[in-house]
1. Would you check if A:T204 is hydroxyl-bearing (S, T, Y), at the interface with another protein chain (Cβ under 7 Å from one of its Cβ atoms) and either surrounded by fewer than 18 Cβ atoms within 10 Å (Cβ to Cβ) or touching a residue at least 12 places away in the same chain (Cβ under 8 Å) (or both)?
2. Of all residues in segment A:58-110, which are facing chain B (nearest Cβ under 7 Å), touching a residue at least 24 places away in the same chain (Cβ under 8 Å) and farther than 29 Å from B:K263 by Cβ?
3. Counting just the residues of segment B:462-474 that are over 16 Å from A:A210 (Cβ atoms) and crowded, with 21+ Cβ neighbours inside 10 Å, which one comes out farthest from the other protein chains (Cβ to nearest Cβ)?
4. Count, please, the residues in segment B:503-543 that happen to be among the basic types (K, R), in contact with a helix residue (DSSP H, G or I) (Cβ under 6 Å, 6 or more places away or on another chain) and over 14 Å from B:A492 (Cα atoms).
5. Can you name the number of the only condition in (1) more than 10 Å from chain B (Cβ to nearest Cβ); (2) surrounded by fewer than 22 Cβ atoms within 10 Å (Cβ to Cβ) that A:L468 fails?
6. Has segment B:474-482 got any residue that is under 18 Å from B:F565 (Cα atoms) and modelled with pLDDT under 85?
7. Name the helices (runs of 4 or more DSSP H) wholly inside segment A:9-111 in which the number of residues that are under 30 Å from A:L278 (Cα atoms) is 1 or more.
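The values are calculated or read from the model by the stated rules, or taken from the named source; none is laboratory data. The structure presented is a predicted model; accordingly, all values stated were derived computationally and were not measured. Backbone-built Cβ (ideal geometry, glycine too); neighbour counts: all protein chains shown.
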Amino acid sequence: MRAHFVLHVLAMLGAAGFVATTVGGAWFLGWITDHVILVAADGRVDSGTLGLAVGVLMAISVASGIAVIMRRMFLMMAVQRTQRDWRRQLLYRYVDLPMSLLRKRRIGELLAHSDADLETATSFLMPLAFALSVVLLLVSALVVLLLVHPVLMLIAVSLFLTLSFVSRTYIRLVEAPSAEVQQRVGKVSAVAYESFDGAVVVKTLGREHAEVERLKAAAERLKAQRIRVGRMRATFEPLIDGIPAVGTVFLLLVGAWLVDRGSVSAGDLVVAATLFGLLTMPLRIMGFFLEGMPRSVVSMDRVDKILDLQPEFPVSAKKPASKLTSKALSLEIEDLVVDFDGHRVLDGVSFAVSPGETVVLVGPTGSGKSTLLEAITGLIEINSGSIQLNGIPIEEVDRDTCNAALAIAFQEAFLFAGTIAENVTLQRNNPRRYDDSYNDDFRNSDIRNHNIWSALTMAAASEFVAALPGQLEAIVGERGITLSGGQRQRVALARALFGGPQLLMLDDATSAVDPLVESRIFTSLRSLSVTTIMVAYRMSTLESGDRVVYLENGRVLATATHKELLQRADYRSLVAAYELQNLVRHQKAEAAAVAASRGT
Amino acid sequence: MKPASQTTSQTQSKQNTAKQNNIDRTPSHLFRTMRRGLIVSPELRREFGVTMVMAVFSAVARLVIPILTQLVLDHGVISEEGYKPGLVLGLSLSALFVVVVVAAVNRGVYIRLVTAAESVLLDLRVRTFEHIHRLSLTSHIRERRGVLVSRVTSDVETLATFIQRGAILWVVNPVIILGSFAVMGFYSWQLTLIVIAAYILLVPFLRWMQHRQFLSQTRVRDAVADTLASTGEVVTGAAVIRSYGYTEPIRRRLDQMLDNQYKARIDAHVWFSIMMPVVELLSSLVLSGVIVVGIWQLSALELKIGELVAFIFLLRLMLGPITELGEIFQQTYTALAGWWKILQVLDLPVEIDDIEPHQALTLPEGSLPVEIRGVGFTYDTVFRDDADCSSGFSSSVKVLEDINIRIEADANVAVVGETGSGKTTFARLVARLIEPTEGVVKIGGLDLRLVARESHRRLIHMVPQDGFLFDTTVEENIRFGRGGASSEDVAAAIDALSLRDWVDGLPDGVQTQVGERGSQLSIGERQFVALARAQIADPRLLILDEATSAIDHETEQTLMEALAFLAKGRTSITIAHRLSTAEWADLVLVFHDGRIVETGNHVELLSTGGIYAQLYESWVSDARSFL
């Protein structure tokens, strides 16, 4: 709010203008009654007075219109700007948060924070400023009433007190049931989401009917709660509507008597009646405000919880950030320990990779292969140990240099909604050259495209991209062309290669790629002689690596070549047992095939 | 993507343009929404009468005070006889009575209304949900899932919010306005005519306003959807963003989205902000006019002072309902848009129609042969856009073409081919999750389309690749395989597939909670549950979609054994991702570009030296390399 002070002041001025014109208008209506209408009853109104009355009335409504526009527009702008600022802060935080913190939350939850929660959190700003103008209105209306007659003001005050008592009771009573309604809405959503998420299973099991019943049960609970709240509303809404009417009746009763005694004029009575009408509105607004306030606070808390998280794990930037040479990097890992969610995922991992070497990480599920790659990439925090690139601790390497030198491709190939070109480049414009056809002049779009095509070709993606409508400019992602899993992985791989990485990490990044295509990819990768660490499961890949780091339960069991490791029984059974069985069967089959072909 | 599909895609887009013209965003589509909505929920029409009663009562309550003011002034205070306390008291008491009665009646009517509206919403929600489940799988593609969920949640919620407030105002306020006109007409029809003439000027203004608001609200919705999509990318693409240092461009993109949203919202609110002042200005004009004319012509119009005062009072009173209507436009549009979207889902054709029960055939007991004649499948991707179903591009892709194959009873068939070759579609056709666009699928000699749903659900079982589990226990998930299965049945299925050791190793045995989508279990373990489900279902035709993901060796072994056990003694079609599955199959179908290009057993296919032989060769060279 502080940030948009001027807007708030302007809105407040508008609100004050609105109050002034509203109360002034009511008072002027009384003046017209006394000085124009009642005079007219006797037959003589001079046109000057009439003209004045009309002129002032018009002036008041123009002023009131301007005031309302000011109040609404500026308030609106202030609220929207605040909302935009908060939302930006929150989204920036999503960009900055360490992976480990982000992973602990569900995507749906994070989206809800940035969408509905922020909306609710800022929604109280709208009536907040309005409520202040309402207080002003209340005070000035009471003052005018006091001037008319103290007894009328007393009636107004008691009316106001009754009304606020009733509406506060209502809000207090309805709060918990309303919250329960929200809970039940959430339950319905959860059922619907799960049910559609598992649509295939629901269909294959013929569970449609059971699912409908499940949703119906949740929806019926919601309905029952809504009706419960509806009954409360049904009791209180007519009450809140009716109380001002009762107040006005009393006003007329007492007013008529006062007019007769001559203490007030008929015009004063009109003023009072109009003001009574005005007094009910503020209460409604205050009611909405108070009703929405707890929800706003809860939402704000949720948003604040995210904003309070530390953006990145501390980077010890004491030493001047080091640069790296532009050649293939060496990597030394020593005694690396990583805990996640209370258990040790990496437990003292040490190994080294020399420049240009290809190392394959092998190990059963949960052995820490992916975590290791994430730790090197800086995606997760390490508890102890060191990671060095060319002998320089990774945390001392300049962040941008590091991002450019390291590239990782994941099994889950994520593509942004955008073109193929955007997805490959990610707006990086300084690809290092690793063949002579590469060119640094990124401003030239032909050359940029040439570089993209080179990366795509290495990732064996150029053929299918060339066949897409629009080729490099073809839109992929949520609303674009649907690519197959293997195609997505190849685009993601081209992304990793585009920057000319000095250390390439592949986390089962070609799992969905056809084996024949995969071997083509690895052949071209080998020709780059870039330092490579990969997680892979296919035999030909294990074979093609220079060395294998054999992991289990977060420890390195052995580091050796694949052939050497095959001496170990546990390694053999891990990678081979299943394949061996099939090989035996294959040999039989082959014999049979030979026999069959001779037979025909 | 394939040349063959391009012509289809063009005709499709033409159809889509036609569709777009149908659902343009003019106000006339509001009336269509309401008309269609009333057909879908006829109860609404029944409740209309009740709502009108409430509206009339509310109007009476509101009009009582100005009338009372007039009567008190004219007859109780400034009449010829002067102040008449008895009359004033009497009038006041009767007004009080009316106010109280009206409040009581309103309460009853409101409760009835809420109950009725909630029933309509419940019905609408359940029906939409049911309808979505009846849609074929092609409608359930991943991007649309969230959209479908919002149809039965947030869209229904917008309607609920609207009914609580907006809908009632739309009925009550016009009645109050009309009632005010009636009372004003009673005081002076001449002055009333002036007022009506002036307010008619408002009509085109309000209509124009309505249109503007609708347009700007649509823009706001689009901007919000875009921001949300970008936020989604920030979260799901977090690893890529961080590892590539892609943060700056992403921040710029977010900034741009936020600015767009801000501008759209401000734009929408400009119209909203000027609405009330304009109405108020006009009404001040009217008020001045009435005062001038009223006073000049007081005697000519035979108007009493109290009547003129009451008239002015009513004029001001009308202002409230009018501006209120203006202010709920936004809510109204949101609700109508939500309603429209729900109705559109209900209008989506159910591609798999159930046959009339009395015509439906029952599959024969015993083993089931499968015969597929001239089957093709074209996959349309229409309705891609989530904002509303009218926009977004469409394309159609021919996934399967000219499939002819006969599978003998009890045969174990493996289906192989590259990703996108049509294997999964083939399996889904046989499972009748989708229906062929050409040709016929015959199972047990019967056209699958003529078979009763219960019959084919009982005898044909598919184990999908993703192994989706519901957020409940392992036992409950297995039980889903056959309605009414007992705990003993579940235990028997687990034992039959040799999964006992695994189950006993779980923290709570069969009572272990599997978590959201089965997230507490590994991919392989989810497959175990899916297989046990199949075992308990005991189908005659089993369709298996093998998981591609890497599973550790031990799990893999257990899984292979369970699979082999399951396939025994029944017809099985397995989408093989391991060539070993193909090796022991009785028949291998090799798919390529939507066609079956090779058939035969493993040995035969190897000797022909085709695609299968190639695939096999690459795999064997892998396997042999480490010996």
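1. Working: hydroxyl-bearing (S, T, Y): yes; at the interface with another protein chain (Cβ under 7 Å from one of its Cβ atoms): yes; either surrounded by fewer than 18 Cβ atoms within 10 Å (Cβ to Cβ) or touching a residue at least 12 places away in the same chain (Cβ under 8 Å) (or both): no.
Here the answer is no, as A:T204 does not meet what is asked.
2. A:S61, A:M99, listed by residue number.
3. Looking at the filtered set, the residue picked out is B:V474.
4. Residues of segment B:503-543 that are among the basic types (K, R), as a first pass: B:517, B:526, B:533, B:540.
Those left that are additionally in contact with a helix residue (DSSP H, G or I) (Cβ under 6 Å, 6 or more places away or on another chain): B:526, B:533, B:540.
Narrowing further to those that are over 14 Å from B:A492 (Cα atoms): B:526, B:540.
Total satisfying the criteria: 2.
5. If we test A:L468 against (1) more than 10 Å from chain B (Cβ to nearest Cβ); (2) surrounded by fewer than 22 Cβ atoms within 10 Å (Cβ to Cβ), just (1) comes out false.
6. Of the residues in segment B:474-482, the ones under 18 Å from B:F565 (Cα atoms) are B:478, B:481.
Narrowing the set further to residues that are modelled with pLDDT under 85 leaves B:481.
Yes, segment B:474-482 contains at least one residue that is under 18 Å from B:F565 (Cα atoms) and modelled with pLDDT under 85.
7. Working: elements: A:38-41, A:47-96, A:99-103.
The qualifying helices (runs of 4 or more DSSP H) are A:38-41, A:47-96.
Conditions tested, residue by residue: (1) crowded, with 20+ Cβ neighbours inside 10 Å; (2) farther than 30 Å from A:K104 by Cβ; (3) within 7 Å of chain A (Cβ to nearest Cβ); (4) free of Cβ contacts under 8 Å to residues at least 24 places away in the same chain.
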position	(1), (2), (3), (4)
B:A229	no, no, yes, yes
B:R252	no, no, no, yes
B:H269	yes, yes, yes, yes
B:E307	yes, yes, no, no
